[in-house]
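The values are calculated or read from the model by the stated rules, or taken from the named source; none is laboratory data. Keep in mind the model is a prediction, meaning the values are calculated, not measured. Using ideal geometry, Cβ is built from the backbone for each residue, glycine included, and neighbour counts are taken over all protein chains shown.
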Amino acid sequence: MSLQDRPRLLEALVATALEAGEEVWRHFQGHVEVMTKDDLSPVTAADQAAEAIILKALALAAPGVPVVAEEEAAAGRIPDVSGAFFLVDPLDGTKEFIRKGHDFTVNIGLIEAGAPTLGVVYAPALSRLFAGDVASGLAWTADVPPGSSDTRKRRPIRVRQHGAGLCAVASKSHDTPGTEAYLAEIGCAERVSIGSSLKFALLAAGEADIYPRPAPTMEWDTAAGDAVLRAAGGRVFDLDGAPFAYGKPRFFNEGFVATATFNPPPLRPFMGG
């Protein structure tokens with residue numbers, strides 16, 4: 001399948017995310033086997049099984065397109081990404097998954113010329129699927145429980161126009177005095193807390209206005225949700241207010257601000273240090 005055949009490729013990514021999500025859900029319902037990676041972060045058998053499903057499916061759907069996946073990268077297996085490539089997080093929100101919370105997702109994103117262009121985010125515990133194609137400017141969501149592949153009842157999503165009081169998506173676990181000062185500066189009137197890449201999805205679906213993230217992440221954490229948000233009319237900036245780019249050294253994100261229609265000030269001046 002060619003990368004130019006975007007509708008078919010996106011459908012392949014959707015099917016892949018649903019299959020991986022079903023496998024994640026199977027593990028979630030049973031005993032969660034937890035291991036520790038070299039960086040001391042947790043990884044589960046569900047992460048590994050879902051990633052294997054995704055790698056196999058992408059090799060069939062887009063042969064020759066490199067895949068940077070979280071567990072493959074942790075093992076030191078990183079392909080050349082000088083051209084288009086996929087970024088995969090088979091289970092974003094592993095800690096949430098381990099403690100039997102519901103805010104975990106399967107994420108598949110396509111990067112072209114340093115920007116996310118296709119993305120799928122699936123939250124099996126919430127039965128919510130989000131997908132977007134930046135080139136066509138189309139994003140949608142569907143309610144799909146684990147084990148189902150029926151996405152016919154799709155609803156288009158679009159970022160909302162911000163009003164006088166902004167609603168922020170802000171992670172309490174990564175809250176800082178600088179973040180509080182930033183939210184006060186922009187006139188944040190409401191805050192929503194949700195885990196994983198679902199923060200991007202809330203912006204894309206018109207349920208919030210801004211998501212400041214001062215703490216580091218990895219590119220596979222953000223690519224899929226970023227693509228859905230951009231397809232829905234949103235934008236993502238780095239700490240200095242420049243367009244957020246991918247394919248950085250070590251695939252490391254220093255921090256960012258994701259937004260719907262609000263023009264945010266740079267976040268870095270509020271970070272201190």
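Of all residues in region 66-115, those satisfying the criterion of being among the β-branched types (Val, Ile, Thr) and either touching a Lys or Arg at 6+ places or on another chain (Cβ under 7 Å) or in a loop (DSSP other than H, G, I, E, B) (or both) are ILE78, VAL81.
The number of residues in region 118-161 that are of a type in the set (A, V, I, L, M), assigned to a loop (DSSP other than H, G, I, E, B) and surrounded by 16 or more Cβ atoms within 10 Å (Cβ to Cβ) comes to 4. Here is the figure for region 227-273: residues that are among the charged types (D, E, K, R) and in contact with a Ser or Thr (Cβ under 7 Å, 6 or more places away or on another chain) total 1. Among the residues of region 244-264, just one is free of Cβ contacts under 8 Å to residues at least 24 places away in the same chain and either part of a strand (DSSP E or B) or surrounded by 14 or more Cβ atoms within 10 Å (Cβ to Cβ) (or both), namely PHE244. GLU70 falls short of the stated requirement of being acidic (Asp, Glu), over 17 Å from PHE97 (Cα atoms), touching a residue at least 12 places away in the same chain (Cβ under 8 Å) and surrounded by 17 or more Cβ atoms within 10 Å (Cβ to Cβ). Scanning region 58-93 for residues being in contact with a Gly (Cβ under 8 Å, 6 or more places away or on another chain) and under 25 Å from VAL32 (Cβ atoms) gives a total of 3. Put simply, of GLY206, GLY225, GLY272, GLY241 the only residue that is crowded, with 16+ Cβ neighbours inside 10 Å and either at pLDDT below 95 or not in a helix (DSSP H, G or I) (or both) is GLY206. When residues in region 79-101 are screened for being out of contact with any helix residue (DSSP H, G or I) (no Cβ under 7 Å at 6 or more places or on another chain) and in contact (Cβ under 8 Å) with a residue 40 or more places away in the chain, 9 of them pass.
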